[in-house]
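FYI, it's all coordinate maths here, none of it is from the lab. Values in this document were obtained by computation on a predicted structure and should not be read as measured data. Virtual Cβ from ideal backbone geometry, glycine too; neighbours counted across all protein chains shown.
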Amino acid sequence: MAGVRPFALPALRHPTVSALLADHRVLLADLLDGLGSPLHVALPEIFEENVVRLRRAFADAGADVDILFAKKANKADCYASSAATLGVGVDVASTPELVKALAGGVPGHRIGVSGPEKDDTLHAIAVQHGCLVAVDSISELRRLAATARLARRQATVLLRSRTVGQPGSRFGMSAAERGTAVGLCAELADHIGLRGFSFHLNGYSGAERARAANEMIEHCLDARRYGLMAAELVDIGGGLPVRYVEPWIWNEFLAQNDPTHYHAAKDFEDFYPYGGQAADQTAHAIMRNPVDGGESLAAKARRHGIRFVVEPGRALLDQAGFTLFRVQQVDDRRESDGYAIVTVAGSSFSLSEQWFNSDYLPDPLLMSVQPTADELFPACVAGSTCLESDMLTWRKIGFPQPVRRGDHLVYLNTAGYQMDSNESPFHDAPLPSKVVVRLGDGETAPRWRLDGIR
């Protein structure tokens with residue numbers, strides 16, 4: 001049966017990733033054999049490069065910015081340790097994340113605590129370590145003040161506020177609630193130190209993020225009129241996109257995409273913008289965005305003594321990891337359906353885009369164990385659980401050779417949210433291992449260790 005010819009969406013590759021895949025296949029195969037499938041490979045050197053690049057982008061735009069790595073984007077300890085080494089903070093939203101950030105060497109004053117209606121344990125640890133707490137409601141503000149009073153300390157806070165553009169968000173305070181909260185901060189000044197405002201936005205619009213940041217600047221100025229002169233921070237959150245594929249290829253894909261390209265004619269309504277603007281370009285554009293009739297956001301902030309906080313997760317993890325799967329079985333349905341189903345050892349819980357009812361679209365790479373002649377081999381990729389929906393890749397991939405049992409598939413650029421956001425010990429399977437690899441100067445063999453082991 002003739003099938004739809006798969007559309008190629010080759011993933012962009014950092015030179016370090018290319019070198020590992022080209023020159024150190026034996027090492028990667030040995031690690032997969034020894035540690036099991038799937039195996040997550042973490043590359044902190046690339047994370048560190050991303051920090052430098054993003055800092056430069058903000059500085060070039062004239063903005064004073066503190067970077068907090070969004071810990072939720074990846075559970076690996078190595079990234080928090082790299083953040084500590086570089087003087088970068090960490091954004092956390094749970095007690096375990098806060099404990100791991102502190103254990104990784106990040107000082108409390110460089111840790112932001114976000115998330116709605118945080119519990120008293122998280123409040124207590126945050127207060128003891130001088131973390132910056134984003135308060136989501138008046139009730140949380142009162143609870144935090146009580147915790148600080150018992151500890152005989154002052155909690156450092158941001159007030160999270162809803163924006164004009166997304167007033168229906170479940171996060172943050174309305175305008176009336178914000179006014180009440182500012183008054184409470186003044187009343188409870190012995191135990192609450194208001195440092196500024198934050199917000200939550202869905203989506204990747206840099207212009208909308210700039211408008212929301214401008215609203216927060218105005219909130220800081222209003223708070224100062226109440227005598228809260230330390231209101232000098234605006235936390236713009238994350239939302240810096242990552243480019244996974246070339247933009248022109250992405251645009252061509254969108255133009256021809258339809259359900260026939262997917263197993264079972266699956267129809268997806270939305271995808272991540274895989275071919276969008278790069279994170280550093282978006283960061284620069286946000287800060288240079290004109291507000292109030294022409295002045296840039298960065299210039300207005302400087303004029304009023306406002307500093308920004310940004311919480312990138314995916315943007316700092318761009319290219320900083322990939323995931324290996326071993327092929328467990330191939331159901332060749334090319335004659336009946338026009339494509340095969342490749343089942344790997346592992347599940348889509350280790351490629352979390354399915355959590356968003358979407359598909360992870362960059363093409364996986366085939367690493368054949370035995371030499372095989374070139375032949376277009378259309379296939380989708382399934383997990384080895386008993387769930388019909390357990391598909392790592394619903395889209396039909398045009399592999400350059402037939403896929404065989406024992407071959408390896410490489411999913412590139414999975415460090416940001418894909419590796420472990422949705423991981424599960426379903427079927428009593430162990431959680432996948434993470435191995436930390438440093439390539440170094442290329443003159444010596446790569447160094448590796450299990451994440452969390454020093």
Which peptide among 20-33, 294-307, 404-417 comes first, and what is the full order, when sorted by highest mean count of other Cβ atoms within 10 Å?
-> 404-417, 294-307, 20-33
Projected label distance in nm at ARG170 and ARG334, using a 7 Å step from Cα toward the beta-carbon = 4.7
At a Förster distance of 45 Å, what's the computed FRET efficiency of ILE249 paired with LEU86, Cβ-Cβ distance as r, to 0.05?
-> 0.85
Enter the Cα centre distance for the pair region 306-365 and region 227-293, rounded to the nearest angstrom.
-> 18
What distance in nm separates the simple spin-label points at GLU295 and ALA29, each placed 7 Å from Cα in the Cβ direction?
-> 6.3
Computed over the chain: longest principal axis from alpha-carbon atoms vs helix 247-256 long axis, angle to nearest 10 degrees, is 70
Take the alpha carbon gyration tensor of region 31-121, find the square roots of its eigenvalues, order them as a ≥ b ≥ c, and report rounded if a/c is under 1.5; if not, report prolate when a/b exceeds b/c, else oblate.
-> oblate
Region 310-359: chymotrypsin sites (Phe, Trp or Tyr not before Pro) falling in loop per DSSP and having at most 14 other Cβ within 10 Å = none
Taking 0.36 nm per residue of separation between THR444 and ALA151 and subtracting their Cα-Cα distance, the length gained on full extension comes to 100.4 nm
What order, most packed first, do the peptides 130-143, 246-259 have when packing is the mean number of other Cβ atoms within 10 Å of each residue?
-> 130-143, 246-259
Principal-axis tilt of helix 25-35 within the chain, Cα atoms, nearest 10 degrees | 70
What FRET efficiency comes out for the pair ARG404/ALA8, r = Cβ-Cβ distance, R0 = 25 Å, nearest 0.05?
-> 0.75
Summing +1 per Lys or Arg and -1 per Asp or Glu among the other residues with Cβ less than 15 Å from ARG404's Cβ gives -2
Angle between the chain longest axis and helix 279-288 axis [Cα atoms, degrees, rounded to 10] = 30
Dimensions (Å) - region 1-44, Cα atoms, principal axes, largest first = 40, 25, 18
Could you give the nm distance between label points at ASP258 and SER205, where each point is 7 Å from its Cα heading toward the beta carbon?
-> 3.1
Taking CYS386, CYS185 and counting other C-beta atoms within 10 Å, the order from fewest to most | CYS386, CYS185
Please tell me which of these pairs span more than 23 angstrom C-alpha to C-alpha: LYS71/LYS266; LYS72/LYS266; LYS71/LYS118?
-> LYS71/LYS266; LYS72/LYS266
For the chain, what is the charge dipole size about the Cα centre, in debye to the nearest 20, if Lys and Arg each add +1 at the Cβ and Asp and Glu each add -1 at the Cβ?
-> 1360
Principal axis lengths of region 120-258 from Cα atoms, whole Å, largest first?
-> 61, 31, 23
Counting only DSSP beta bridges with both residues in the chain, what percent are antiparallel, rounded to the nearest 5?
-> 45
Taking θ as phi - 60°, what are the ³J(HN,Hα) couplings along region 213-226 by the Karplus curve (6.51, -1.76, 1.60), each to the nearest whole Hz, with x for Gly and Pro?
-> 4, 5, 4, 5, 4, 5, 5, 4, 5, 5, 5, 4, 5, 8
